[in-house]
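The values are calculated or read from the model by the stated rules, or taken from the named source; none is laboratory data. What you are looking at is a predicted structure, and each value in this text was computed from that prediction instead of being measured. Neighbour counts run over all protein chains shown; Cβ positions are idealised from the backbone, glycine included. Just so you know, the surface numbers come from the protein's heavy atoms only, side chains and all, with ligands and any DNA or RNA stripped out. Shrake-Rupley method; radii C 1.70, N 1.55, O 1.52, S 1.80 Å.
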Amino acid sequence: MVRWLHPAMLIRTGLDALVAAVFGARADHRLIEAVVRPQPPYFDYSDETPEADFWLDYVADTGDGWNSTYAVARTLALPSLEVEDPRGDTHALERGRILVLGGDQVYPGASRETYEERLVLPYEEALGRTQDPSPDLFAIPGNHDWYDGLAAFMRLFCANRWLAGRRTRQSRSYFALKLPRGWWLIGTDVQLENDIDVPQVEYFRQVATHMKPEDRVILCNAEPAWILAATTQRRRGYLENNLEYLQEKVFGRRISLFLAGDLHHYRRHEGPDGRHKITAGGGGAFLHPTHAPAAPRLRDGYLLKKSFPDEKTSRKLARQNLFLIRHSPLFGLLTGTLYVLLALVTYTEIGTYGVTRFFDALREVASSVAGRPWSPVLGLATIGGLIGLADKAFGKWRVLAGTLHGLAHILAAFFVAWGSIYFIVSGLGICPELLPGTAPLCAAGWTHLWGKFILSGLINFLGGFLVGPFIMGLYLTVSVNRFGAHSNEAFISLAVPDWKNFLRLRIDKDGQLTVFPVGLERVPRKWKETGASPYGPAYEPDDPKATEPVLIEPPVRVTPRG
């Protein structure tokens, strides 16, 4: 799994996001592809399986760690799958004639090498070839696919090539599929600015002219605008307005099922009119919480019907941040460095002050800070930086949350520095009689200022390495479980590979659309070679703790009214 809190990864993703934000909107690849990449109004599957059910698969937020990505890819690759729902009923599911990738195909950002390593290889190992008629593959990009300006995405998915036994057919980053029995699937590209460009709108206008009034639409977006809208008090954003425009002005009331990824879990909302909005971003990326951001009711009256994992489990997983050092050990390099710098700019001789002289030690440090201009600068920079990093979900309490977080680190740095210098001065040199057996250390030069300075720096770094991640983990745990804030940061820190999901959709002979949400609670950590042909998975689970695929909830029948 991508270790998001690794210092090098923080720098890389920060630069990727900065470059994408600065240049993305000014170099919109979609405007070019609309001119140079012709695409038919729609891809026609309406005449297939006239006397049988039609199946298609949907998976989003894929290429992260091998175990999670391959586990989902392998399950998707099986020609048939028998799964049990929570009621104990068994359902036989067939591999989809079409596989739709719903955005953010790779992490942390797009490049040819990253796609190859984190997406292509796992999927090729799961299914190298297929018998005729081979399934097709379509993909819409998410923000992580846009980090290289969509270059790698276009090369992989828009060049009529084969991937994991499936043929890619689209030539643009958006598409329309005409499915059997009056159903359509629309895949949009909202780029980095949550914006649907004019050529794309015109393309979908043209698609709509081929629809009958009674036809129904499955709308796939890279982000669940309905969750974002329900959890903020702001006015409608670009994405919400674009979706409303497509729904009201282009496709009308035909849209019966909304699908999106971006949030790496499963949540289904059902409307009073029988329509559904499903967030299913469990293709392999780290898990997101289902309890934050909380969205029990959407703006348009849709109600939350199912979450995977459930909210109780989600909160329990969030508490693992208290052991952040175990999940992201190298994050301590940042806090260790910060604590050393804070100790350096406030250094003063308080090594002889014991616990009973706490206020004396505090006065000495305050006096030192007052006489060194860099001390308040670094302290204010620490607090200001953490205010800037505080989640907007705190609302009016954002400044307070960042300030308390910063003060907690500054106070911890004070105690770590005080403890280290007290240990050195009172234990290792100045008063060797207080700690028998330390005289050789004094003779070796630990009483020298530089000796104390170096050893104190090392102890400060170690203290910051251990204490800093705990404070950060405590902050994240309280934020996400109490205030619903930092839902992303609280879970990228854990990089949980489990609780994966994808959707298998069936259009039966009567035109009824049914959604089968398949879940993997615990993905395998160990694998064994099968020696199978390219027509089957190369590896099978070899982990007794892994769980079998199940239906997250009973099959969801999409029966819109009006």
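Residue ranking by accessible heavy-atom surface, 1.4 Å probe, largest first, among Phe331, Phe461 comes out as Phe461, Phe331. Counted residue by residue at 0.36 nm each, then reduced by the alpha carbon distance between them, the extension gain from Glu214 to Glu48 reaches 57.8 nm. Each Lys and Arg Cβ is given +1 and each Asp and Glu Cβ -1; about its Cα centre, the chain then shows a dipole of about 1120 debye. Descending by average beta-carbon neighbour count within 10 Å, the peptides 300-310, 335-345 line up as 335-345, 300-310, the highest first. Here is how the number arises for the chain: DSSP H runs of 4 or more residues each give -39500 (n - 2.57), the sum is divided by the residue count, and the result at 222 nm is -11000 deg cm²/dmol. For the pair the range 242-316 / the range 320-341, the C-alpha centres are spaced 34 Å from each other.
What the pair-distance distribution of the range 62-144 shows, using all Cα-Cα distances binned every 10 Å from zero, is 16, 44, 30, 10, 1 percent. Report, in whole Å, the centroid distance computed from the Cα atoms of the range 449-508 and the range 82-157. If you average the Cα positions of each part, the centres end up 29 Å apart. Computed over protein heavy atoms with a 1.4 Å probe, the carbon and sulfur contribution to the accessible area of the chain reaches 59%.
Counting only alpha carbon atoms, the long axis of helix 358-370 and the longest principal axis of the chain meet at about 80°. Residues in the chain average 44 Å² of solvent-accessible surface per residue, probe 1.4 Å, ligands and nucleic acids excluded. Counting only Cα atoms, the size of the chain along its three principal axes is 93, 54, 47 Å, in decreasing order. Compared with the dominant Cα axis of the chain, that is its longest principal axis, helix 198-208 is turned about 40°. Descending by average beta-carbon neighbour count within 10 Å, the peptides 287-293, 512-518 line up as 287-293, 512-518, the highest first.
Out of all Cα-Cα pairs in the range 314-402, roughly what percent, to the nearest whole number, are more than 18 Å apart? Walk me through the numbers before you get to the answer.
Numbers: 2532 of 3916 pairs.
That fraction is 65 percent.
Each listed q (0.14, 0.21, 0.22, 0.27 Å⁻¹) maps to a log10 I(q)/I(0) for the range 268-345, found by the Debye formula over equal Cα scatterers with no solvent: -0.65, -0.99, -1.04, -1.24. Axis angle, to the nearest 10 degrees, between helix 398-422 and the longest C-alpha principal axis of the chain: 40 degrees.
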